[in-house]
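No value in this document is a laboratory result; all are computed from the given coordinates. Since the structure is predicted, the reported quantities are computational estimates derived from the model, not experimental observations. Methodologically, a virtual Cβ is constructed for each residue, glycine included, from the backbone with ideal geometry; neighbour enumeration extends over all protein chains shown.
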Amino acid sequence: MKRLLYLGYYLKNLDKPKYKKFLDYVSKKENKSKTSLRADIISSALKYNVSILEYFQFGFYKLSPGERKKYAGTGYMYEYQLQMNPKDKRNILDDKRLFYKQYKEFVLHANASLDELKADNSLAEKLLNSVSGKVVLKVSDGKCGAQVIIVKSAEHTPASLIQLMEKEGYDLAEEYIIQHPDIMALSPSAVNTVRIFTQLNEKDEVELLGCRLRISINSHVDNLAAGNIAAPIDDATGIISGPGVYSDITKSPESVHPVTGVKITGFQIPFWRETIEMIKKAAKAHPENRSIGWDIVITDKGPGLIEGNHDWCKLVWQLPVNKGMKPILEKHLSLLQK
């Protein structure tokens, strides 16, 4: 019964143009009828609890039942993260204003809520006078790079910045971060973040579930959902170990950045040792949330936290390594339930 409810959710939230695009593409590429694909999609959603688009993104149309079983889809991840990060403990990750306060020792860039800006005029002046000459405005509970704009400092005073935030519904302002020169050379259109997935094991030790670099492609954000790519990072060395992949199955992986021409595979993430040390410390700061997807910026001064996600993305985790990773989570889940 629960799987039928999930299927209803998948159908209700389906991006129909993208579904049609993927269905046409796979039908032609694999020489399979759309009728047979549709039947397999419904069967897979019910059996493996993956969404309709995930059927295509995980490549189920060419996988055996054993391989399909290894993928963690939307339904599984929702239930897993609910147990690892209980609803009454998630607020420090859901609200960026709370996140910056709770994890302030790991945050490099200046930030202030709308209420703080209104109470202290000097905070807005500090943001407007930052070296970058830009300010990022956000909605504190926004997801996937949505509800984010970048404004030029020269075009605003503290009063006009606050007025804009009130008018457009933004409740958080941040210093625009200048990323490390090496990463800027790779992709200058956005701040490209390292995503590290952490898990506290039964001994409350930090385990790394995987590391990725999210790379912008002519976009002001670096999210996969915005048409960008994600590449796998070797945990031990900080070197990108494979090409960047899209969530759009009609696009091929990128070993070289399509705009800058910088090689992606083999790229060394700066300050890797410091990044891992920081994230292991951050993961233990609030152990009530046991499984977190961290977004980290690398600057010329070292790494800093941007945010932590209790509902971290299964696509960024699994697509870059081209395999299902659910068995890893099942191990932690079984230990937690003992």
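A few points about this structure:
- Note on the chain: dipole from Cβ charges, positive end direction compared against I233, N309, L329; the farthest Cα belongs to L329.
- For the residues K89, K134, K152, a GNM of the chain with alpha-carbon springs under 10 Å puts the largest fluctuation on K152.
- For the pair E155 and L335 in one chain, pulling the backbone fully straight at 0.36 nm per residue adds 59.3 nm over the alpha carbon distance.
- V321 versus K167: modelled label distance in nm, points set 7 Å from Cα along the beta carbon direction: 4.8 nm
- Dipole of the chain, positive direction: furthest Cα of N289, G261, L224, with charges on the beta-carbon: L224
- Estimated FRET transfer efficiency (Y78, E125; beta-carbon r; R0 56 Å; 0.05): 0.85
- Label of the coordinate-derived value, P(r) over Cα pairs in 10 Å bins from 0, in percent, listed as [x] 6, 27, 35, 23, 7, 2, 0; [y] 5, 22, 24, 20, 15, 9, 4, 1, 0; [z] 5, 24, 32, 25, 11, 2, 0: [z]
- For K69, a cut-off of 18 angstrom between C-alpha atoms picks up these aspartates and glutamates, skipping any fewer than 8 places away in its own chain: D40, E54, E79, E330.
- Taking the Cα centre of the range 213-318 as origin and assigning +1 to Lys and Arg Cβ atoms and -1 to Asp and Glu Cβ atoms, the resulting dipole is close to 140 debye.
- Gain in span if fully extended, S132 to K16, counting 0.36 nm per residue against the direct Cα distance: 37.8 nm
- Rounded tilt (10° steps) of 34-48 against the dominant C-alpha axis of the chain: 70 degrees
- Only Lys, Arg (+1) and Asp, Glu (-1) charged, at Cβ; the range 110-175 dipole about Cα centre in debye: 220 debye
- Set of aspartates and glutamates with alpha-carbon distance to K34 below 13 Å, sequence-local pairs under 8 removed: D24
- Remark: for residue pairs K16/K167; K101/K126; K18/K314; K138/K251; K70/K281; K12/K323, the C-alpha separation exceeds 21 Å in K16/K167; K138/K251; K70/K281; K12/K323.
- Contour excess over end-to-end distance, with Cα ends at K62 and D24 and 0.36 nm allotted per residue: 12.1 nm
- Each of L98 and T250 was given a label point 7 Å from its Cα along the Cα-to-Cβ line. The distance between the two points is 4.1 nm.
- Inter-label distance, nm, simple model (7 Å from Cα along the C-beta direction), K2/E277: 4.3 nm
- This model, with +1 at the C-beta of Lys and Arg and -1 at the C-beta of Asp and Glu, gives the chain a dipole about its Cα centre of some 1660 debye.
- Candidates L319, L224, L23, ranked by Gaussian network fluctuation over the chain, Cα under 10 Å, top entry: L23
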